[in-house]
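J.: Below: one structure in structure tokens.
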Amino acid sequence: VNERVLQQEDIPGHNIKIDFPSVDFGNINGSINILTTPAKKVQAGVIIRVNGRRVVGPEFFGAEQDYPNKILARIRGELTANGLSDIITSIREAFIEYDPKYVALKEWLRGKIISIAASIQEEDHSDLTTEILAIPAVRDRYNKLPSYLRQEYSQQLKLLTPKFGRFRKDKELLTLFGLLLLRAMESVDFQSILGRLQETDPRDVITL
């Protein structure tokens, strides 16, 4: 573009530089991006290259068992692992699956991706809490609570909003949720219910 070669770092979002020396699988370097919005035109996941050639990916290396696609779709990266050049299969399109070096690399990558996914999830939940507190009907009533109840209310929002993440665009539902939670702050009976809500499956909360 404009006579300039685009790099992984040019993708909009937060760029995480990777430069990790390992005795188990050699040096790993490159970058992983937390995209501003989920990837649409390119497949999300991490690519592993050896001497400039893509060998594996984009994949999540097992992290898909821990986090949903909507979070993982914001992770895109390219890493170089030249230390694994001796365990590439004869067709040059994969690593020898059960080689100890590749097994160690996959486990390390899974941990790295899980860590990044956790930070994305925490950020999303924090944003949703802020959104609910910004709703005028919720904000006005929230400001009338005693300071200790406002602190408790904010804490309960942080604990419960993960169950409402899929409805973040439904302002009517979020308003209702915010107001019901405020009512709970004013009632001893509802306070006991809050503890049970935290233990329930998200589908049960949605049904309620």
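The values are calculated or read from the model by the stated rules, or taken from the named source; none is laboratory data. The shown structure was predicted, so the numbers you read here are calculated from the model rather than taken from an experiment. Here Cβ is always computed from backbone atoms with ideal geometry, including for glycine, and neighbour counts include all displayed protein chains. The protein model used for the area step is the full one, side chains on, heavy atoms only, and it has no ligands, DNA or RNA in it. Shrake-Rupley method; radii C 1.70, N 1.55, O 1.52, S 1.80 Å.
J.: Skipping prolines and chain starts, which residues have an amide H placed within reach, meaning under 5 Å, of the one on Ala94, given they are 5 or more residues away or on another chain?
T.: The list, which skips near neighbours in sequence, is Thr89.
J.: With a 1.4 Å probe and every protein chain left in place, work out the accessible area per residue of the stretch 18-89 in Å², rounded to a whole number. Could you put the intermediate results ahead of the total?
T.: Details: 3570 Å² over 72 residues.
Per-residue value: 50 Å².
J.: Another question, then. Which entries of Lys70/Lys158; Lys70/Lys112; Lys106/Lys158; Lys70/Lys101 have Cα-Cα distances beyond 22 Å here? Write down the numbers at each step before the final one.
T.: Details: Lys70/Lys158 19 Å; Lys70/Lys112 18 Å; Lys106/Lys158 32 Å; Lys70/Lys101 30 Å.
From Lys70/Lys158; Lys70/Lys112; Lys106/Lys158; Lys70/Lys101, over 22 Å: Lys106/Lys158; Lys70/Lys101.
J.: Need the C-alpha centroid separation for the stretch 25-75 versus the stretch 77-142, integer Å.
T.: 7
J.: Same structure again: If the only charges are +1 at each Lys and Arg Cβ and -1 at each Asp and Glu Cβ, what is the size of the charge dipole of the stretch 36-108 around the Cα centre, to the nearest 20 debye?
T.: On the way: 11 positive and 9 negative charges, 99 e Å.
Dipole magnitude for the stretch 36-108 comes out near 480 debye.
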